[in-house]
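Encoded as structure tokens, the structure appears first; notes follow it.
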Amino acid sequence: MSDAQSLTDEIPAGGVFEPPAELAQHANVTADTYRRAEEDRLGFWAEAARRLEWSRPWDEVLDWSNPPFAKWFVGGELNVAANCVDRHVAAGNGEKVAYHWVGEPGDTRTITYAQLKDEVSKAANALLSLGVQAGDRVAIYLPMIPEAVISMLACARIGAVHMVVFGGFSPDALASRIEDAGARVVVTADGGFRRGAPSALKPAVDEALTKVGGVEHVLVVKRTEQDVDWTGGRDQWWHDLVDGQSTEHEAQPFDAEHPLYIMYTSGTTAKPKGILHTSGGYLTQVSYTHWGTFDLKADTDVFWCAADVAWVTGHSYIVYGPLSNGATSVMYEGTPETPHRGRWWEIVQQYGVTILYAAPTVVRTFMKWGAQELEPFDTSTLRVLGSVGEPINPEAWLWYRKNVGGGTATVVDTWWQTETGAHMIAPMPGVVATKPGSAQRAVPGISASVVDEEGKPVEPGATGYLVLTEPWPSMLRTIWGSDERYVDTYWSRYGKEVYFAGDGAKLDEDGDIWLLGRVDDVMNVSGHRISTTEVESALVSHPTVAEAAVVGATDPTTGQGIVAFVILRGGAEDSGDDLVKELRQHVRKEIGPIASPRQIMVVAELPKTRSGKIMRRLLRDVAENRELGDVSTLTDSSVMDLIGQRMPASS
Ligand code: 6R9
């Protein structure tokens, strides 16, 4: 019997897994919750907002008088950081662990809520001493160390807007984000540990700051002890500036719509979009969904979101969700295979993790490695397993439940986006019988629909586009610096009151939603959004490249892999592996390692429509159907031959 066969055998007769009895009995979200949210959506969100501490109550739950510009909890005031930290200390939970942090080399730090309050207050005082004021932007370019969380909360505490950039992004990518956001301060580190070795970060900041002005201060955390270049007057060690600050800092309330952070994400053009999130609505929905979707019992659960804090998943479910709920989390710096392939399970065993939140790409990697990697460890504490970032194929879903969840844990597939801020489509685990591979239904209080080209809801069994038909508290408020692009990108296809998500979806006969991937030119590589256009423009910025077309090809592990077709300048033919290596290096430099193409094929021509649009579908066929090896080049004729074979005979 094959492995796939044995996994399918796991599916119960009705095709769904009923909620485990114990979970259903004490579930945070019940059938009644769905009913109440249905009856009174705004009342439901007001109730969710009351889970937080407000310094001034709101006058109105939602102002949607000028769509698509929403205001939630109008007139309300709160301090996001105080809600995440001080509130729990004041309630007598100061000794509770906020984070069990695990460094890749094996060093650990345990941080209680009381300690976090002190650290955040000191960092807030440090930022104030640098002249940072409410509304100023602070760039954060750090590895997965506690200072990343502390810096974010310190910003929130003083009303500064954080803009976290993933450590894998290049100096150019960092520079363009710093410029677009207009950041005055950068918080970074000498480096972080990845795959068993220190990996430098500070040099990227130094290089970025040769390209962009406006940054007055660089605060550097010492993590790896690597040598760093130093710019006097600009650079300061974190420990020199922060450690001596007072632990006293009184958090001021800010308006519910005060900006909290900007996060850049890839769109269909080469220029990343700065997604803006604000305070009250964002915290309400991340807090509610972290509690509801994962059925969090803050007193007993140990939660681990295994994303990087620099992605929206990290913002919402490493930082703001868990902390607002007073939960205990695990935070891990490194990669799953360092120093061995059982590292995650060792961590689960050590801290008794009960809820794990991970991406399908890593589940498929574990599948590839085999279930025996889990055997030496006790992972029986796990009761809820979340999935996020891309569609999870039923095999991976079943494998996750069986081998990570011991055949009893509940798998919750959560669909959402940087733009949505928090979970939007996910089966609430105490109520909804789960279906392998489907995110199923809208979270209580959320209105989603699958529509056709005209915007009409599709019949059960049909496919279409996912749309969100009512505003939601944690929605993006705009694209930083471009209201027009905000309207054009998300709110123009079906009118100003319908949010176009950019994802294809299928509605099944039970009314459950299956996400089918992006319908625009955005690739999804290991759960990271990368724009084809962005990679294309990086390639054509190389002096040898005349034209480039990039597609995302199905990849068994990463979901999609980046495949590039390039035409060289001056009609140069195949210039060999060295050029391909150089081009790949060039993309790494321009965007970052995550955007480095899996394959680059040198071609003499690209298939185009009469209007000159590159026929990516054909290129994708080529990319997916031939074993071309890791580094490869193809002459024009072989690409065109292959393409020819796939063209309809008439054309
Ligand atoms: C949270 C996050 C958003 C895009 C989204 C979609 C894909 C995310 C998914 C999923 C199917 C899921 N996506 N979760 N597709 N099932 N459970 O990933 O945000 O990086 O902005 O990506 O990711 O295509 O549109 P972000």
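The values are calculated or read from the model by the stated rules, or taken from the named source; none is laboratory data. These figures come from a predicted structure and were not determined experimentally. With ideal geometry, Cβ positions are generated from the backbone for all residues, glycine too; neighbour counts draw on all protein chains shown. In case anyone asks, the SASA skips ligands and DNA or RNA and just uses the protein heavy atoms, side chains included. Shrake-Rupley method; radii C 1.70, N 1.55, O 1.52, S 1.80 Å.
Of all residues in segment 277-288, those that are of a type in the set (Phe, Trp, Tyr) have Cβ atoms under 7 Å from Cβ atoms of residues that are assigned to a strand (DSSP E or B), 6 or more apart or on another chain, in Tyr282/Leu260.
Which of the residues that make up segment 21-76 are polar (S, T, N, Q) and either open to solvent by 40 Å² or more (accessible area, probe 1.4 Å) or not in a helix (DSSP H, G or I) (or both)?
Within segment 21-76, the first condition is being polar (S, T, N, Q), and the residues that meet it are 25, 28, 30, 33, 55, 65-66.
Correct list: Gln25, Asn28, Thr30, Ser55, Ser65, Asn66.
Taking the conditions exactly as written (free of Cβ contacts under 8 Å to residues at least 24 places away in the same chain and more than 22 Å from Asp520 (Cα to Cα)), does Pro427 satisfy them or not? Yes; evaluated as a whole, the condition is true for this residue. Out of the residues in segment 402-425 that are in contact with a Lys or Arg (Cβ under 8 Å, 6 or more places away or on another chain) and surrounded by 23 or more Cβ atoms within 10 Å (Cβ to Cβ), which is farthest from Met475 (Cα to Cα)? Residue satisfying both the conditions and the ranking: Ala409. Here segment 293-318 is the region considered, the condition is being within 16 Å of the ligand (Cβ to nearest atom) and small (Gly, Ala, Ser), and the residue that is farthest from the chain's Cα centre (by Cα) is Ala306.
Please specify each residue of segment 183-220 satisfying the condition of being charged (D, E, K, R), part of a strand (DSSP E or B) and at pLDDT 95 or above. The one that is charged (D, E, K, R), part of a strand (DSSP E or B) and at pLDDT 95 or above: Arg184. Cβ-Cβ distances below 7 Å connect the following pairs, each with a first residue in segment 142-159 that is among the acidic types (Asp, Glu), a second residue that is surrounded by fewer than 24 Cβ atoms within 10 Å (Cβ to Cβ), and a separation of six or more residues or different chains: Glu147/Trp238.
What strands (runs of 3 or more DSSP E) lie completely within segment 227-288 and have 2 or more residues being open to solvent by less than 50 Å² (accessible area, probe 1.4 Å) and closer than 18 Å to Val161 by Cα? Walk me through it before giving the result.
Working: elements: 235-237, 259-265, 273-278.
The qualifying strands (runs of 3 or more DSSP E) are 259-265, 273-278.
One line per residue, one yes/no per condition, for (1) over 21 Å from the mean Cα position of the chain (by Cα); (2) of a type in the set (Val, Ile, Thr):
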| site | (1), (2) |
| --- | --- |
| Gly445 | yes, no |
| Gly517 | no, no |
| Val550 | yes, yes |
| Pro556 | no, no |
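Checking each residue in segment 379-401 for being part of a loop (DSSP other than H, G, I, E, B), open to solvent by 30 Å² or more (accessible area, probe 1.4 Å) and within 15 Å of the ligand (Cβ to nearest atom) picks out Gly389, Pro391, Asn393. For first residues located in segment 100-120 and under 17 Å from Ser324 (Cα atoms), partners that are open to solvent by 10 Å² or more (accessible area, probe 1.4 Å) and aromatic (Phe, Trp, Tyr) and lie 6+ apart or on another chain with Cβ distances below 7 Å form the pairs His100/Tyr351.
Just one of the numbered conditions (1) free of Cβ contacts under 8 Å to residues at least 40 places away in the same chain; (2) away from the ligand (no atom under 14 Å from the Cβ); (3) within 18 Å of the chain's Cα centre (by Cα) is not true of Glu453: (3).
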